[in-house]
Amino acid sequence: MNTAYVETVMPISMAQKLQLRPAIQGTVITPDDPQYDEARQAWNLSVDQHPAMIVIAAGVEDVVGAVRFAVQAGLNITVQGTGHGVVRPANDSLLLVTSKMKTIRVDAAAQTAWVEAGVKWGEVLEKTQAVGLAPLLGSSPDVGVVGYTLGGGYGWLGRKYGLATDSVRFFELVTADGRLLRASETENSDLFWGLRGGGGSFGIITGMEIKLYPVSTVYGGNLIYPLSMAKEVYARYRTWITSVPDELTSSIVIMNYPPIPEIPEFLRGQSFVIVRGLYCGPVEEGEALLQSWRDWQTPYFDGWRVMPFSEVGTVSAEPLDPTPIHSTGAWLRELSDEVIDTLLRTVAPGSHGPSPLIFAEMRHVGGAVARVSPQASAYGNRDAAFLLHLLGVTPTPEAYRQLAQYAGQIKEQLRPYLTGGVYMNFLEGEESQRRVESGYSPEAYQRLAALKAAYDPDNRLRSGFNIQPTR
Ligand SMILES: Cc1cc2nc3c(=O)[nH]c(=O)nc-3n(C[C@H](O)[C@H](O)[C@H](O)COP(=O)(O)OP(=O)(O)OC[C@H]3O[C@@H](n4cnc5c(N)ncnc54)[C@H](O)[C@@H]3O)c2cc1C
């Protein structure tokens, strides 16, 4: 443990609270307020955080006001857009919630959008699809634009147009000492390099401009096969993706559908292997790519279809309501028979009983992600071929601990086939603090630590990735 930066516990006095309230247009909440329990909640209900104070910011001035107050009061700051990817719970710090900062401005001619810190992807999707453009969102439209983008951001347009972080034109942010800055290729370019992949450790993003792409009608969905065919499906998938164009981003999933009413009856409580994805070129070409699967075997369910890109969230159909989850992941070198056997043995239900995991998804990467120079931004692991995501629902702290341990054992068994790197967006909680160095090349991590020393030497911004300032 690094003992250089010990958490400070600073109770907020009534006088301090009264001092901040008039300076904030949004809401200031302390533990004695009735709204406290609702306001401290994250989307991931496994997070149980107890901030010293919560500021729900109405705009940039509130962010500056809250930061300056935190500096004066000796409080650390935790930023939360939605709470989908909490790295460190906001215990005893000032929780700065951006969810009310919702402005979106689309420039259809320039194919860009300016989005404020509290915007979710689904909100950008709606505004941009209205003019035939698409942002680089991920599998869930409920995830926040800023948190997702700071960690990389790999979605269904990823192999064609790259990571969300590669499509940022500039960030606007408030530094840990309360200064307003802009970071782009030409202004504060060191910060711009670090924010793209390095997470929210260097400042509080208040807004950013992103590039948009001309995508409106796509071909996507799920081919669902019985688990008994899993080995053959994996083997076919492994061959299939060697010849697919970048317009196709796909994944192969072992899915254990929970026995809950929200799941359609024909899937409820059962396990399957699924070939999932989205083709963003001409739809006839997408249909032709899928034909080889249909000619091979009739699936249990064929859900690939022509759809407006606005419906991209239906491909993974992830829960929108707050849910208690544990998420982890790893980069894989290859999809060998041993990897397939290990995943089937551990993730599918079997002699060990039902699996604690809802899914193990292996996303095919490469394409535009791999074509960007590894030096262009802090983001690491551009050369890995497959991104593994393991996720389970964890209604109690005990279930969370057990799942984290179980997922750890799976990764241990897969170790010979892993690159050793991690994708920071798919980690959360303690693991994302502990494994941060594996998210980057050694050179990039050193550069991030120096950047942290320059922009946040006291490590006041605690919710970003756990990058310790160079001393
Ligand atoms: C259901 C689900 C689906 C997902 N799908 C994908 C996917 O397809 N692809 C992918 O790449 N990832 C995916 N993720 C991971 C997701 O990108 C991360 O969890 C991401 O951190 C969420 O960002 P957020 O802003 O919604 O969450 P938050 O928990 O609010 O924020 C996450 C992190 O970003 C920082 N942050 C947020 N806002 C700011 C700000 N204004 N300034 C500075 N720092 C800030 C926070 O401090 C925190 O460290 C998914 C996660 C879930 C739960």
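The values are calculated or read from the model by the stated rules, or taken from the named source; none is laboratory data. This is a predicted model, so every value here is computed, not measured. Here Cβ is always computed from backbone atoms with ideal geometry, including for glycine, and neighbour counts include all displayed protein chains. Accessible surface is based on the protein model in full, side chains and every heavy atom, while ligands, DNA and RNA are left aside. Shrake-Rupley method; radii C 1.70, N 1.55, O 1.52, S 1.80 Å.
What accessible area per residue, rounded to a whole number of Å², is obtained for the chain using a probe radius of 1.4 Å?
40
Between Ser216 and Leu181, how many nm apart are label points set 7 Å from Cα along the C-beta direction?
4.0
Roll a 1.4 Å probe over the protein heavy atoms and report the accessible area of Met14 in Å², nearest 10.
For Met14, solvent-accessible area is about 110 Å².
Tell me the trypsin sites (Lys or Arg not before Pro) within the range 33-136 that lie in a loop according to DSSP and have at most 16 other beta-carbon atoms within 10 Å.
Lys100, Lys102
How big is the C-alpha Rg of the chain next to the rule-of-thumb value 2.2 N^0.38 Å, as a ratio?
Relative to the rule-of-thumb radius for its length, the chain sits at 0.96.
Packing-wise, with mean Cβ within 10 Å as the measure, how do 70-78, 184-192 rank, highest first?
In descending order of packing, they fall as 70-78, 184-192.
For Ser355, what accessible area in Å² do you get when you roll a 1.4 Å probe over the heavy atoms of the protein chains, rounding to the nearest 10?
Roughly 20 Å² of Ser355 is accessible to a 1.4 Å probe.
Name the residues whose placed amide hydrogens come within less than 5 Å of the amide hydrogen of Asn222, ignoring near sequence neighbours (fewer than 5 apart) on the same chain.
Gly303, Trp304
Select from Gln49, Gly207, Gly122 the residue farthest towards the positive end of the dipole of the chain; place +1 on Cβ of Lys and Arg, -1 on Cβ of Asp and Glu, and compute about the Cα centre.
Gly207
When the Debye formula is applied to the Cα atoms of the range 14-97, each taken as the same point scatterer, what base-10 log of I(q)/I(0) results at q = 0.21, 0.22 Å⁻¹?
Ignoring solvent entirely, the Cα scatterers give -0.94, -1.03.
5 Å is the cut-off here: which amide hydrogens, built 1.01 Å from N in the peptide plane, fall below it relative to Gly329, excluding neighbours closer than 5 in sequence?
Leu390
Within the range 309-385, which GluC sites (Glu not before Pro) sit in a loop by DSSP and count at most 16 neighbouring Cβ atoms inside 10 Å?
Details: sites: Glu311, Glu334, Glu338, Glu361; in loops: Glu334.
When the GluC sites (Glu not before Pro) of the range 309-385 are filtered for loop state and at most 16 Cβ neighbours within 10 Å, Glu334 remain.
Within the range 236-278, report the chymotrypsin sites (Phe, Trp or Tyr not before Pro) that DSSP leaves as loop and that have at most 10 other Cβ atoms within 10 Å.
Those satisfying the criteria are Phe266.
With every protein chain in place, what's the accessible area of Trp193 (1.4 Å probe, Å², nearest 10)?
20
Could you point to the residue in Gly329, Ile260, Pro416 farthest towards the positive end of the range 217-433's charge dipole, with +1 and -1 charges on the Cβ of Lys/Arg and Asp/Glu respectively?
Sorting the options by dipole projection puts first Pro416.
For every helix of n ≥ 4 consecutive DSSP H residues, a contribution of -39,500 (n - 2.57) applies; sum these over the chain, divide by its total residues, and give [θ] at 222 nm rounded to the nearest 500 deg cm²/dmol.
Numbers: 15 runs with 136 residues, N = 471.
So the helix-based figure for the chain works out to -8000 deg cm²/dmol.
Using the 2.2 N^0.38 Å rule of thumb for compact globular proteins, work out how the range 234-346 stacks up: its C-alpha Rg over that value, please.
Its radius of gyration relative to the 2.2 N^0.38 Å reference: 1.17.
Using only Cα atoms, what is the ratio of the radius of gyration of the range 294-441 to 2.2 N^0.38 Å?
My calculation over the Cα atoms of the range 294-441 gives 1.15.
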